[in-house]
Amino acid sequence: MATPTPTAAAAATAVAAAAPAIARASVVVVGGGLAGLSAALSAAAAGATRVVLLDKAGGVGGNSAKASSGVSAVPLRSGVETDDAVHLFRDDLMASGRGRAAVHLADALASQGGSALAWLEEQGVNLSDVRRLGGHSRPRTHRPPQKGDKPVPVGWTIISALKQRVAAAAAIEVITAARVVKLLTRGEAATLGVEPATPEGPSPALPLAPVSEKGHDDIDDTPLSLPQSVRPEVGGVVYVHFPATGGGGGGGGGGGGGNGANGEVLSPVSTRHAILADAVVLATGGYCAPGNPVLASHGAATAAGLPSTNAPLATGDGVRLAARLGAGTVDLDAVQVHPTGFVPLSVAAGGGTVPPTVFLAPEALRGCGGVLVDASGRRFVNELDARDTVTAAMRAAAAATTAEGGNAGGAAGGRIFMLLSVEAVESFGVATARFYASKGLMAHVQPGGDPVCPAPDGTGEASAGATTTAGDTDVLAELQRRVGLPSAAVEATLAAVAASVEGLPDAFGKRTFPSAASYDVERVQRAGIWVAAVTPALHYRYGEGEGRGWLGGGMLLPHAAHNGVSLQESSALD
């Protein structure tokens, strides 16, 4: 930070001498995604008399609200038929960690996932639909049942339920449009006022600190000069409040905000506030939004040239906040690449540029039977393998078809596509697929030759179970016309998938084949086929091997129970 001028320093000292009133809380939670909301509720349930949750966006939810596949856990519920076990989950985590997984963290995620799942169900979330997804040896990814004409996204469903619980909790105050810019040590907190003058209610504005080179609304991550043996205790936070634009300010009871949960509130007018606290929970999430300081410093090699599935708010604030107090960090380079982010079909067909931020093509699409093919219409990987394996195979296939110059059918070299039978889409959720189709990310190529047909409900997408009469357009020929995939190669690929035998490995080592029979070419010609274009994309802050993911890539604070800071993660949600 820049050294303040004598005039600025004197002015700040004079104002501080007036002893401004400072708010106080039992617990401050920084971040309002699943981790932050569950931490706030848990603190209140444990008897905390005032819990303040701060979120820099215009509403809570964060990236958790965008989760689209489910919660991976071995259930504790009695009466649930499963051949899964905690040790099998742990073994899968260790295997996908590729030698970097921490055994105690894999143990924690595998053994505690069931209780976390049970807790979510206690909050009123129905997660009874269980699927086997990539890297898992058993079905263990839980999500809401998909039915009716409206999508039931898992992240939004969970966040909506927890928001209601938080709003009903008298001990919890939510302040949105509030970016925490500094963790206060106990000593610093003491200088703000010997006794808290306002035990209840919002904090009054503090005078602005001398403006640093980064601006007063940026995070103070300049390390304190402390002896190596000193572990500073955390006594509170300083946050900058940006008045929400266009929708009312953030505030208590789950307050809203004008800019929504998928981007930072950027009003030019802001005020600084402080809250003294007995404990601070950092639940700030990851740092995979393109171009932020943490990703730029630590994930450049992984991130190079890739789009991101993250909202702009995923900037790793917790890493920077804790760095000021000397917190240790691990695995900041371990950023997970998800194999399938959606490429707009208009871009895929026209050879345009992939946007920097993309929708996630949920792993559940492959878990319900989605098939990956290259630009030549050929399969090249076990779609349910670990994410790093699928990603590597996609890159290799893209490079090979790029070198070949695409194909005679016209698909751009380097493009990867996902094909889904009607049955696979029905298993995934027709309403959600229609939503993606409305965004230009999926299309149902039908016998009538029109990939998007009017529907009675006005969604613009025909029923996934639509049939046709003889003489209509050849579906595979229409698919070739639309996205360039050679019909003969696709026909051979679909025939091979339809002939797969559950439990027996195919050419790529795949042993489980959801909806395989529905890829029979004659059935596809009658019902049509869904198509999407996909690309690897930055996803989570933990590495491509998932075993390190529960706390890896974050702050490991020694003696966290004693220095007033704890960490909260929710990496089992995807």
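The values are calculated or read from the model by the stated rules, or taken from the named source; none is laboratory data. The model shown is predicted, which means the values in this text are computed figures rather than measured ones. Neighbour counts are summed over all protein chains in view; Cβ atoms, including those assigned to glycine, are modelled from backbone coordinates with ideal geometry. Note: areas computed on protein heavy atoms with side chains; ligands, DNA, RNA excluded. Shrake-Rupley method; radii C 1.70, N 1.55, O 1.52, S 1.80 Å.
Quick notes
- Residue in the stretch 107-121 that is modelled with pLDDT of 90 or more, touching an Asp or Glu at 6+ places or on another chain (Cβ under 7 Å) and closer than 27 Å to PRO339 by Cβ present: no
- If you go through the stretch 313-327 and pick out every residue that is under 15 Å from GLU188 (Cβ atoms) and touching a helix residue (DSSP H, G or I) at 6+ places or on another chain (Cβ under 9 Å), you end up with 1.
- Residue that is most open to solvent (accessible area, probe 1.4 Å), among those in the stretch 72-92 that are modelled with pLDDT of 85 or more and touching a helix residue (DSSP H, G or I) at 6+ places or on another chain (Cβ under 6 Å): ARG90
- Scan of the stretch 48-80 for residues that are at positive phi and free of Cβ contacts under 8 Å to residues at least 12 places away in the same chain, ordered by number: GLY79
- Any hit, the stretch 332-349, residues being open to solvent by 20 Å² or more (accessible area, probe 1.4 Å), at pLDDT 90 or above and under 23 Å from GLY235 (Cβ atoms): no
- In the stretch 421-435, the residues that are crowded, with 21+ Cβ neighbours inside 10 Å and either closer than 15 Å to SER68 by Cβ or at pLDDT below 95 (or both): VAL425, SER427, PHE428, GLY429, VAL430, ALA433, ARG434
- Checked against the criteria, ARG132 does not count as among the basic types (Lys, Arg) and modelled with pLDDT of 90 or more.
- GLY32, sole failed condition from (1) modelled with pLDDT of 90 or more; (2) open to solvent by 30 Å² or more (accessible area, probe 1.4 Å); (3) assigned to a loop (DSSP other than H, G, I, E, B): (2)
- Hits in the stretch 81-119 - residues which are closer than 28 Å to GLN164 by Cα, aliphatic (A, V, I, L, M) and either part of a loop (DSSP other than H, G, I, E, B) or in contact with a strand residue (DSSP E or B) (Cβ under 7 Å, 6 or more places away or on another chain) (or both): LEU117
- Within the stretch 25-47, residues that are at positive phi reach no partner that is acidic (Asp, Glu) and surrounded by fewer than 24 Cβ atoms within 10 Å (Cβ to Cβ) with beta carbons closer than 7 Å at six or more positions or on different chains.
- Residue within the stretch 365-382 that is out of contact with any helix residue (DSSP H, G or I) (no Cβ under 9 Å at 6 or more places or on another chain), of a type outside the set (Asp, Glu) and open to solvent by 10 Å² or more (accessible area, probe 1.4 Å) present: no
- Verdict on PHE359 being open to solvent by 40 Å² or more (accessible area, probe 1.4 Å) and under 18 Å from the mean Cα position of the chain (by Cα): yes
- Note on the stretch 378-409: residues that are among the charged types (D, E, K, R) and at pLDDT 90 or above amount to 5.
- Just one of the numbered conditions (1) open to solvent by 30 Å² or more (accessible area, probe 1.4 Å); (2) not in a helix (DSSP H, G or I) is not true of LEU53: (1).
- In the stretch 521-535, the residues that are open to solvent by 10 Å² or more (accessible area, probe 1.4 Å) reach residues that are among the charged types (D, E, K, R) with C-beta atoms within less than 6 angstrom, at least six apart or across chains, in these pairs: VAL521/GLU491.
One line per residue, one yes/no per condition, for (1) of a type in the set (A, V, I, L, M, F, W, C); (2) surrounded by 20 or more Cβ atoms within 10 Å (Cβ to Cβ):
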{"residue": "ALA95", "(1), (2)": "yes, no"}
{"residue": "LEU109", "(1), (2)": "yes, yes"}
{"residue": "LEU117", "(1), (2)": "yes, yes"}
{"residue": "LEU120", "(1), (2)": "yes, yes"}
{"residue": "GLY135", "(1), (2)": "no, yes"}
{"residue": "LYS147", "(1), (2)": "no, no"}
{"residue": "GLY155", "(1), (2)": "no, yes"}
